[in-house]
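A quick write-up on the structure given underneath.
Here, each number is a calculation from the coordinates, and none is a lab measurement. Everything numeric in this text was worked out from a predicted model, so none of it was measured. Cβ coordinates were reconstructed from backbone atoms using ideal geometry, including for glycine residues, and neighbour counts include every protein chain displayed.
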Amino acid sequence: MTTTYEPNKVLSNKEFKVVGTRPVRPDGADKVTGRAQYGADLQLTGLLYGKTLRSPHAHANIKSIDFKKALALEGVKAVVSAKDFPKTKDTANYGLGDSPMNYFRGNILSDKKVLYKGQAIAAVAATSVHVAEAALSLIDVKYEVLDAVLTAPEGMAKDAPILHDDLFTKEFEKQTKVNSNVAEHFQHKMGDLDKGFAAADVIVERTFDTATVHQGYIEPHNVTALWNDDDRIHVWTSTQGAFTVRAAVSEALAVPVSKIKVTPMEIGGGFGGKINVYEDPAAALLSKKAGHKPVKMVMSRAEVFEGTGPTPGSHISVKIGATNDGKIVAAQADLAMEAGAYPGSPVGAGAMCVFTAYDIDNVTIDGYDVVVNKPKTAAYRAPGAPNAAFAAEQVIDEIAEKLNIDPLELRLQNAAKEGTRRADGPIHPRIGCVEVLEAMKEHHHYQSPLTPSKNGGKVGRGVAIGFWFNIGMQSACNISVNNDGTVNLVEGSTDIGGSRASIAMHAAEVLGISYEDVKPQVADTDSVGYTAITGGSRTTFATGWAAYEAANDVKAQLIDRAATIWGVDPDSVEMQEGVLRSKTDTELNMSFKDLSAQLNDTGGPIIGRGSVNPAGVGGAFAANIVDTEIDPETGKVDILRFTMVQDAGKAIHPSYVEGQMQGASVQGIGWALNEEYYYSEKGTIDNSSFLDYRMPTSLDLPMIDTVIVEVANPGHPYGVRGVGEVSLITPQAGIANAITDAVGARLESMPMKPSVVLDAINNQG
């Protein structure tokens, strides 16, 4: 099939010299040659190897633990358990919100109760991995096995086994005395829902279920920790936030952050799954107990699946009403999401996003955070929003079908605009929802007819749109000028998707120098100011902004220095495109490189600093068009064509933006069609490897076409909107709508594997 590539839709009105180009990434050579250092590559003198004892049960009381045999094994240097944690305060906060200390530590090492298969109970340090693993088998743990709760509806049932005796439901922000698995119930309400539905000519209501899904990063979690003789702790780890790790280790071990240094290694993928902290505090404890020797811990793939956080399964009901002319007048959603073993599912984010692409006067959204016997959930690109969109966007399509309106036209008719109020309160600033939908409408993919199947399959086309709010948070950056006219840029954001390049481009644009003259590096927590996680689509937006501020600081100092050299007032000097000029004397000019060579002789080094904590972050919209072919005999779904359209505000590095869009689309396709954790009735995972947890490969996919829409974000110097998450929100719903278009059956559960598709086909009507 011949693919027509559409040009990006640039709606921003300012052009730049560096921003918007496609330079080579600075870390590329090291990564393709194998020189890049990942956590598992680290080797230190006297290194010991740690392994973690994990629960074989999904829900059980721990009656006793005996370490005697393990400690007697030759080569074992230390064993730690929850009893090695110091007594400290009741609440922990390591940058991800307040959490009861017993919940936070319990997810690191549990000593009273296990709440999921794979939960850590103890850790061993030994002279080799093999000795450490042998020691685990010698630890004697006695359990009282309890019934497991595996889904949100099960957890919410009146007769459900209770996971936490000390968990009492928070109802509408008020603490109750009801002990249940529902950690919180909240509500967003706008307008009069009953009045809205009374005015509707068409009402559609459906309930949807989604499975637990893994982020799919290739590199397992790993950490090396050294608790030194001077009581300083050094941690080397694969993480999306070095300062988050520092805070977590500090909270868990009651050690001041000033005594903890975290060095982020290169990261082999994260997608939100490497924000939470797991073995880092245990590795530090082992190091101290083993005589201040460094301890390395590298999870196996099975440990990653069983012992770290996936994105949650969910149970979502959506009801939408519209008038005959296509005006959506009422929308209601009940979202129940699995938090895993401890409170904190992304149901809040799902509720923020479920109807946010639309201008609807009457909306009620209820959210339920439900604990279940699965690993504590972690983020996964726009956490909670794909679940919500899978439900809401299918109901939107069904409304369009009943009204005989083109599904894209219905979305355009009801699209949110600047000034539209969201159900959770905020009013949209300048956004690109309409522009994204219009770009879809104009695209060759949408304009072209479906290609008939050559194999007797049924073909269909679907669309979907989604919203992600993006985050800002704290970032810091330092820039120092070298005497050869280059600059060193130091920042604290883990580089997952090419952010070294995009951040360097911010600085190069300000200074008027080439991108290649900026030397970016990600520093440890002792070498740069506090920087929040690489997540929430914040890195290019916020850390790039910090680089922008640092570069402007350098620029101001360069102007002062040139004015000093020339003996003129700084106000009479300007710097444009890397050249300093006098505004009053045309003979006074000097290039950035020329001035750099004179710094040491004219006042000393120039170092620029930037720190930001942006508010009013610009939300982003993405939408997709997808063509599918379904085999009516087997239920197998093939993706024939896929186009993703996204508002990036301003694409700093368009290639990386396209890569983010394509990567998220592929993840969404996998989530839609085949990815899920298979749990037994006892709560054990039956597919804890990539041989059994099947993600899509290139053989399963067409080319993912991309269209970058640029509706500049007024809340950023270059108009940037976060891009890493929003493109994951829509593929699942788009594929579901394409399947319905092909076979007439509505898919109410995900993944939409062949058996689910066949059941839907056989049960329609």
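Values of log10 I(q)/I(0) for segment 676-740 across q = 0.12, 0.15, 0.17 Å⁻¹ run -0.61, -0.81, -0.92, by the Debye formula with one identical scatterer at each alpha carbon and no solvent. Reducing segment 45-79 and segment 349-392 to their Cα centroids gives an inter-centroid distance of 38 Å. Taking label points 7 Å from Cα along the Cα-to-Cβ direction, residue 609 and residue 584 give a separation of 3.3 nm. Once Lys and Arg get +1 and Asp and Glu get -1 on their Cβ, which of 663, 673, 648 lies farthest toward the positive end of the dipole of segment 630-679? Farthest towards the positive pole: 648. A straight line joining the Cα centroids of segment 684-709 and segment 579-596 runs 54 Å. On the beta carbon distance between residue 680 and residue 755, with R0 = 22 Å, the FRET formula returns roughly 0.80.
By how many nm would the segment from residue 591 to residue 687 lengthen if fully extended, with 0.36 nm per residue of separation less the alpha-carbon distance?
Details: separation 96, 0.36 × 96 = 34.56 nm, distance 6.06 nm.
The residue 591-residue 687 span can extend by a further 28.5 nm.
Looking at this model, which pairs from 261/293; 261/289; 68/259; 83/170 are more than 22 angstrom apart at the alpha-carbon? Don't jump to the answer; show the numbers that get you there.
On the way: 261/293 16 Å; 261/289 19 Å; 68/259 32 Å; 83/170 30 Å.
Pairs exceeding the cut-off: 68/259; 83/170.
Net charge dipole, segment 499-614: roughly 380 debye, given to the nearest 20, about the Cα centre with Cβ charges of +1 for Lys and Arg and -1 for Asp and Glu. Which value, to two decimals, describes the C-alpha radius of gyration of segment 180-254 once divided by 2.2 N^0.38 Å? Ratio of Rg to 2.2 N^0.38 Å for segment 180-254: 2.12. Model label sites at residue 325 and residue 577, defined 7 Å from Cα along the beta-carbon direction, differ in position by 5.4 nm.
Along the charge dipole of segment 472-612, which of 564, 595, 552 sits closest to the positive end, that is, farthest toward it, with unit charges on the beta carbon of Lys, Arg, Asp and Glu (+1, +1, -1, -1)? So the residue furthest toward the plus end is 552. First measure r as the distance between the Cβ atoms of residue 140 and residue 207, then evaluate 1/(1 + (r/R0)^6) with R0 = 30 Å and state the FRET efficiency to the nearest 0.05. E(calc), rounded to 0.05, equals 0.05. Given the chain, report the % of alpha carbon pairs whose separation exceeds 34 Å. In whole percent, the long-distance tail amounts to 51.
What translational D, rounded to a whole number of µm²/s, comes out for segment 631-765 from Stokes-Einstein when the hydrodynamic radius is the Kirkwood one over Cα pairs, at 4 °C and 1.567 mPa s? Please report the intermediate quantities before stating the final value.
On the way: Rh = 16.6 Å.
The diffusion coefficient I find is 78 µm²/s.
Ratio of Rg to Rh for segment 472-612: 1.01 [Cα atoms; Kirkwood radius as inverse mean 1/r over pairs].
Report, in debye and to the nearest 20, how large the dipole of the chain comes out about its Cα centre when Lys and Arg carry +1 and Asp and Glu carry -1 on their Cβ.
Values: 70 positive and 93 negative charges, 351 e Å.
So the dipole magnitude of the chain works out to roughly 1680 debye.
Dimensions of segment 303-449 from C-alpha coordinates, computed as largest minus smallest value along each principal axis and given longest first, are 49, 34, 32 Å. Determine the distance separating the Cα centre of segment 123-138 from the Cα centre of segment 19-37; give it in Å without decimals. Going from one Cα centre to the other spans 38 Å. Legend: ranking of residues 530, 693 from fewest to most surrounding C-beta atoms inside 10 Å; resulting order 530, 693. Say each of residue 89 and residue 22 gets a label point 7 Å from the Cα, pointing the same way as Cα to Cβ; how far apart are those two points in nm? Distance between label points: 5.0 nm.
Which percent, nearest 5, of DSSP beta bridges in segment 472-612 are antiparallel?
Details: 18 of 23 bridges.
Looking only at bridges with both residues in segment 472-612, the antiparallel portion is about 80 percent.
Considering only 317, 432, 363, and ranking their Cα positions along the charge dipole of the chain that arises from unit charges at the beta-carbon of Lys, Arg, Asp and Glu, the one farthest toward the positive end is 317.
A 28 angstrom limit on the alpha carbon distance is what I want to check against. Which of 113/177; 113/274; 142/174; 117/174 exceed it?
Numbers: 113/177 22 Å; 113/274 25 Å; 142/174 38 Å; 117/174 32 Å.
From 113/177; 113/274; 142/174; 117/174, over 28 Å: 142/174; 117/174.
When peptides 130-139, 59-68 are sorted by average Cβ neighbour count within 10 Å, with the highest value leading, the order is 130-139, 59-68. Full extension of the chain between residue 317 and residue 35 gives 96.5 nm of extra length, using 0.36 nm per residue less the Cα-Cα distance.
For residue 483 and residue 45, what does the FRET efficiency come to when R0 = 56 Å and r is the distance between their Cβ atoms, rounded to the nearest 0.05?
Numbers: r = 36 Å, r/R0 = 0.65.
The computed FRET efficiency comes out at 0.95.
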